[in-house]
Structure formats: structure tokens, C-alpha cells
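Q: Okay, handing you the structure first.
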Amino acid sequence: MIRLAGCRLRCRYCDTVYSQNPGAGSLVEVEDLARRVTESGFEWVDITGGEPLLQHEALGKLVVSIPDNNKIEIETSGSCPVPSWYNEADTWVVDCKCPSSGERSNHIWDWVEILRSRSSFNPTDTIKFVVGTDGDLKFVLEMKKRIWYQDLCLVVSPMVYDIIEKRNLNLASWLEIGVGQYKWNQEVARFCLENG
């Protein structure tokens, strides 16, 4: 996995807050990163963030520098425009922001059209929804009606309760958070089974 730093969004449930800062991490030359990927021996490379497309020029150079025997998956928030080199990536995972995130995927319809056009030869492209409330589940159903396409993969993922920020809680509070997470996971799983 390659995690690029910097993100303009501030999703309420963000689990990688440290990666929002463009100065987080270390500066690495594109050629050096491509060499590291090649030498790693891993077939798949997941590029995520922050928001990788904030560095779209360098990312485009990286993607075309990685040998064809490596498969590249890029995760994006859908808040940045589709880059001209989008077909160079093997798989795209586009996170369509639900209402509880407090953010929007401003370019989601551009992404939907691109992924639909790729779907006949790339069934691994995905539109992802991270859900934290019943309102988010309703949003997913509305979006599904508007964007569903035979070969376009839709994924619904339950928001994970942020217990890291709650370190000073007593055991009873931790158990309550855990039970809440368990119940929410069950509700999301039931929703997925009932709605395909």
C-alpha cells in the first residue's frame, strides 16, 4: 500500500486523520517509489490517501512507471476530477460520501460515467459508501437507483466507531461502544442482503 498525504475533506469518521496534512509522511521521488514497488514482489499495489488525486501529475507518472505485471488500485474520494490517465490504473475505488460524513463527492457523476464505460472490461471498479446512520442507508438506496449499472460494483461499508479518541473511557463505556458497533455492523449487513 502506498498512502499519499494531503486531503481537503474532513470526513467525520476519518480513520486516517494524520494523512490529511500534506506535510505528513516523507517526500519520495516517483522513480524511487516505482522501483520500490517493482522490488516488493507484490502483484497488487493499492494507492490511497489522504486524497491521491491532489497529486495527480506525480501520481500519473508513478502509475505509468510501474511495470505491467503489477496491478494498480487507486482509492479516491470522488472530490477531484477524473485524470486524463485514468485508464492506466487497473482498478478505481471511488468513495461516494454519504450525508453523515459531512462532505461531498463533487465529481461523483463524472466518475460514475467513467467507471460505467470501463465496466465491460473491468468489473473490479467500485463505488463505495461508508455508512454511519439510517439516513446514509436511505442515501445509498437513492444513489443505487441513479448509478447502478449491470457491471458496476457497489460496496457498502459500516462506519467504524472511533474508540481511539476515547482512551480515557471506563470499561463499561468501551463495552457500550463495542456493542453499538456490533449492532450497526449487523444492521448494515442486513441492509446489504435485503438490497442486493
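Q: Just to be sure, is L4 among the hydrophobic types (A, V, I, L, M, F, W, C), out of contact with any helix residue (DSSP H, G or I) (no Cβ under 6 Å at 6 or more places or on another chain) and either crowded, with 18+ Cβ neighbours inside 10 Å or at pLDDT 90 or above (or both)?
A: no
Q: Pairs please, first residue from region 142-165 and outside any loop (DSSP other than H, G, I, E, B) and small (G, A, S), second anywhere and at pLDDT 70 or above and open to solvent by less than 60 Å² (accessible area, probe 1.4 Å), Cβ atoms under 8 Å, 6+ apart in sequence or on different chains.
A: Once the first residue is outside any loop (DSSP other than H, G, I, E, B) and small (G, A, S) and sits in region 142-165, its partners that are at pLDDT 70 or above and open to solvent by less than 60 Å² (accessible area, probe 1.4 Å) give S157/K128; S157/F129; S157/V130; S157/V131; S157/V188.
Q: Filter region 7-16 down to residues that are surrounded by 13 or more Cβ atoms within 10 Å (Cβ to Cβ) and under 14 Å from the mean Cα position of the chain (by Cα) and give me whichever is nearest to V64 (Cα to Cα).
A: Step by step, filter region 7-16, then rank; the result is C7.
Q: For region 3-28, which positions are in a loop (DSSP other than H, G, I, E, B) and not hydrophobic (A, V, I, L, M, F, W, C)?
A: G6, R8, R10, R12, Y13, D15, T16, N21, P22, G23, G25, S26
Q: Here is a further query. Enumerate the strands (runs of 3 or more DSSP E) found wholly within region 29-110, keeping only those where 1 or more residues are open to solvent by less than 20 Å² (accessible area, probe 1.4 Å), touching a residue at least 40 places away in the same chain (Cβ under 8 Å) and in contact with a helix residue (DSSP H, G or I) (Cβ under 9 Å, 6 or more places away or on another chain).
A: 44-48
For every residue, the table says whether it meets (1) more than 29 Å from D46 (Cβ to Cβ); (2) modelled with pLDDT under 75; (3) in contact with a Lys or Arg (Cβ under 9 Å, 6 or more places away or on another chain); (4) exposed (fewer than 13 other Cβ atoms within 10 Å of the Cβ).
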| site | (1), (2), (3), (4) |
| --- | --- |
| V130 | no, no, yes, no |
| L137 | no, no, no, no |
| K145 | yes, no, no, yes |
| Q150 | no, yes, no, yes |
| V156 | no, no, yes, no |
| V160 | no, no, no, no |
| I163 | no, yes, no, no |
| L171 | yes, yes, no, yes |
| I177 | no, no, yes, no |
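The values are calculated or read from the model by the stated rules, or taken from the named source; none is laboratory data. Only a predicted model underlies this, so the values are computations on that prediction, with no experimental measurement involved. Quick reminder, even Gly has a Cβ in these numbers, built from the backbone with ideal geometry, and neighbours come from all protein chains shown. SASA here: full protein model, heavy atoms, side chains in, ligands and nucleic acids out. Shrake-Rupley method; radii C 1.70, N 1.55, O 1.52, S 1.80 Å.
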